[in-house]
Amino acid sequence: MPVTIRVLTEELRDIWHSWTGGQLYIIDQAHIFPNAAGIPAEILAESNEEDLYQTPKLGKDLWWKLRVRPGWSLIASAEDDTPYKRVLPSWAALLRMVLEQEATGVGEMVDGSILKRMITTMCTAQDVRSGLQAAQAVIQQACTGADVLLIAEHSGELLLLGQGTFSEKEARACLKHGIEASSDLKSSTHSIEPFVLRLDVPSPSRVAVVVQVCDSDGDVKEARLMELCRLLGLMLKPFFSLEVDEQQQRLTHDLALAAAIQSSLFPDTMPIIQGYDLAADLLPARQVGGDFFDVCISGDGRYVLAVGDVAGKGASASILTAVVHAVLHSESPRHKDPASLLETINAGLYPDLDRAETFVTMTVAFLNPDEHQLEYASAGHVDGMLWKAREETLSMLPATGLPLGIYPSSTYAASKAVLEPGDVLGLYTDGITEAEGLNDKLLGVQGLADLLFACHLAPARAQLDVVLTALEVHRRDKLQRDDVALLLCRCLDVENDPRWVKPFVVAAHPTSVHTIVNLVRDLAMEAEGVLEVECPEVFEDFALALAEVIANQIKHAYQQEGGRIQGRLVLDKNTLSADTFDYGSSFQPVVPLGDLDPEDPPEGGYGMQLIDALTDRWAYTAMPGGRNHWSLQKRITGVRCS
Amino acid sequence: MNIDVKHLEEGKAVVTIEGRVDAETAAEVKTRLKDLAQYRVMQAFVDMNRVDFIDSSGLSAMVSGLKALRQHGGTLILCGPEPQALKALRLTLLDRVFPIYSTLDEALEQASKHAR
């Protein structure tokens, strides 16, 4: 559906001002329909006069207010579950349409004279009720479907006439809230009796609210108007944020802008490097953070992969990430080795960091994709990880110098490594390894290493998603306390990489069994067109066998107490296999003998029997460090691996 | 998973299960089946036609139900299992333990024939 817009003219603002004497906005309400096609971000950038912020939530709708420029505003509603990212560009487009319409005079506009007539009608009527009826007639006559909210004062009666998508209940609640909050009025002799009238006007639902304010002798005094205005402001507050919250909102708004700017500093897509697969992500604990990742090009044409952490969190740290970003991008092209790059960056940043009494840790890795060479230097950053696929070992890339900002001149060493097919480089921040779980247990370097071990065959993005999900599982209900950045770079193994790899991580909870069954079914569907032989049964059999293993891990390894299960599902040339790991108690797998007394069948123990019967090979290993490893394999014929 | 119990005449009951019977849902199935013993149900017909997935915990629940009914001479009859369930029953040899019919109607018909 198209976006509907009605614009109220400046004329109404003048009428408004003459009635209230206060500084109120002219409001138009418009419905936003999510634009599935998406609206280019540059529209948002063009609309730089806007002042965008979210108003309090009302009912099931999200209300948005946009002050286009001083004097008038727009309000729009969107469904509660409309993603923020979608509403924002829709708003930008809407804004542009409004501005264009106003400029050209094209489009449906609500005539200011109609509104003027309405108000006049209402205020010359005998009483509020007949005033409303008269106003209703005017609206019906000019029925443009505009969403408007009118407020008028007549003979001591305050009148709100609104048409919009807000419900009667919301209007009533809003009204009560305003009156209760106005202690001045409460203590006065005025009797305040709110009631709500529902007008029978064609769609959409239109609501009129009437408040009667009378004092004992029925007189209306000059001073009363001011009180009314104040009451009005309170009543309207939930709908339109007035000056009261302006400062807070400005801060929130500024922070949102800062978050948008900060995320625009980091690459939103990773470069496509022949023979490599890269992915990176950043999750600040608050809106903005001090962790960062970056990719640029060095003076000798190598890719510079950087991950770092400005000490501290939130806005103060985020400002410095912008400085680091700028220096990194300006210095990288002038350097041919990571050590001298860090030395220069340190010298450049030292005065700022010293003044701010903070420091930065950062790893920079220079990648030569043609020669599969990696050269890195690390300014006090947490150890990088390099998974060596052939040796099946993990080597660490420790710091080669002090953090940036400790001394005016620091020296750094550079270290080299070779990337072979299947190897995975992982650069990250301590928000991952120091994520706190149950009993404040940290995920740890080993925890991250185990995750990479479990899913190293998968595409970088899939691995990264597993790590981020694992953090959620590990934290359980705890809040994310530190920023998280992660960059993964996998050297492709064109000859040996399996056709499909689905890494997974789940909480050790009974519902996870089904998650894993669905993962196998997803794989079956993806593989469907590529299998030469139809064999859906193989996947169903395998799903059951894997479900038995997962259920075993939940029930026996973790004794129903919860934990983390991670692994991968692989479909290759002629094998369907799964590897899954847990940290629970070890297990003594026993397959019951193929014999059963029909008169006295056991009430359990069928799981191992199914695992054994439904796979070609299975193995259980209690690994060092309290980790358990299950692996399942089933031969499958006719997989085309082109 | 949905489970529904309907008591018929002459100590018969039809238990209709829909969805998946796995580690998450087996406990409820087990409780509901064992409850049948309290009503002295002699023949419990479990309609499995709409069970799309069953694992070992689901099979164990069926066995527990059967054993509870057997205490007073009753039995548990599996009706209309899908290929996935049938295979699981076969591999665990439980197909030798439960009477299995391809449809609920067939199972009910057979039962009334025997009664005559």
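Observations
- In nm, spacing of pseudo-spin labels at A:Leu255 and A:Glu528 (7 Å Cα→C-beta vector): 4.7
- Global form of the stretch A:283-357, assessed from the alpha-carbon gyration tensor, a/c cut-off 1.5: oblate
- Separation of the B:Gln38 and A:Asp600 label points, Cα + 7 Å toward Cβ, nm: 2.8
- Each Lys or Arg adds one and each Asp or Glu subtracts one; over the other residues with Cβ under 12 Å from the Cβ of B:Pro83, this totals -3.
- At most 15 other Cβ within 10 Å, DSSP loop - GluC sites (Glu not before Pro), the stretch A:406-504: A:Glu434, A:Glu495
- Per-residue average of Cβ from other chains inside 10 Å of B:20-26: 6
- What the Cβ-Cβ distance of A:Gln560 and A:Asp354 gives, at R0 = 35 Å and to the nearest 0.05, is a FRET efficiency of 0.05.
- Over 28 Å (Cα to Cα) - which of A:Lys388/A:Lys555; B:Lys6/B:Lys30; A:Lys313/A:Lys478 fall in this group: A:Lys388/A:Lys555
- Coil-residue GluC sites (Glu not before Pro) of the stretch A:500-596, DSSP, other Cβ within 10 Å capped at 16: A:Glu532, A:Glu534, A:Glu561
- The charge dipole of the stretch B:2-99, taken about the Cα centre with unit charges on the Cβ atoms of Lys, Arg (+1) and Asp, Glu (-1), comes to about 400 debye, rounded to the nearest 20.
- Treating r as the C-beta distance of A:Asp268 and A:Glu537 and R0 as 60 Å, the FRET efficiency rounds to 0.90.
- Other residues whose C-beta falls under 11 angstrom from the C-beta of A:Ser395 contribute a net charge of -2, scoring Lys and Arg +1 and Asp and Glu -1.
- Given charges at beta-carbon only (K, R positive; D, E negative), |dipole| of the stretch A:479-582 in Debye: 420
- Ranking A:Ser409, A:Leu305, A:His325 by Cα position along the charge dipole of the stretch A:266-491, where only Lys, Arg, Asp and Glu carry charges on their C-beta atoms, puts A:His325 farthest toward the positive end.
- Among A:Val517, A:Phe581, A:Ser631 the positive-end extreme of the charge dipole of the stretch A:500-635 (Cβ point charges): A:Phe581
- Cα gyration tensor, the stretch B:2-99 - rounded (a/c under 1.5), prolate or oblate: prolate
- A Förster distance of 25 Å, applied to the separation of the beta-carbon atoms of A:Lys573 and A:Ser395, puts the FRET efficiency at 0.25.
- Extended-chain gain in nm, criterion 0.36 nm per residue less alpha-carbon gap, A:Arg461 and A:Val418: 13.3 nm
- For the stretch A:294-391, trypsin sites (Lys or Arg not before Pro) are listed when DSSP marks them as loop and at most 11 other Cβ atoms sit within 10 Å of their Cβ; the list is A:Arg390.
- Net charge in the neighbourhood of B:Phe98 (other residues with Cβ under 12 Å of its Cβ; Lys, Arg +1, Asp, Glu -1) is +3.
- Gyration tensor (alpha-carbon) shape descriptor, the stretch A:266-491, a/c threshold 1.5: oblate
- Between B:His7 and A:Ala326, the simple label model (points 7 Å from Cα in the Cβ direction) yields a spacing of 8.1 nm.
No lab work stands behind these numbers, since they all come straight from the coordinates. Because the structure is a prediction, the values reported are computed rather than measured. Ideal geometry is used to build each Cβ from the backbone, glycine not excepted, and the neighbour counts take in all protein chains shown.
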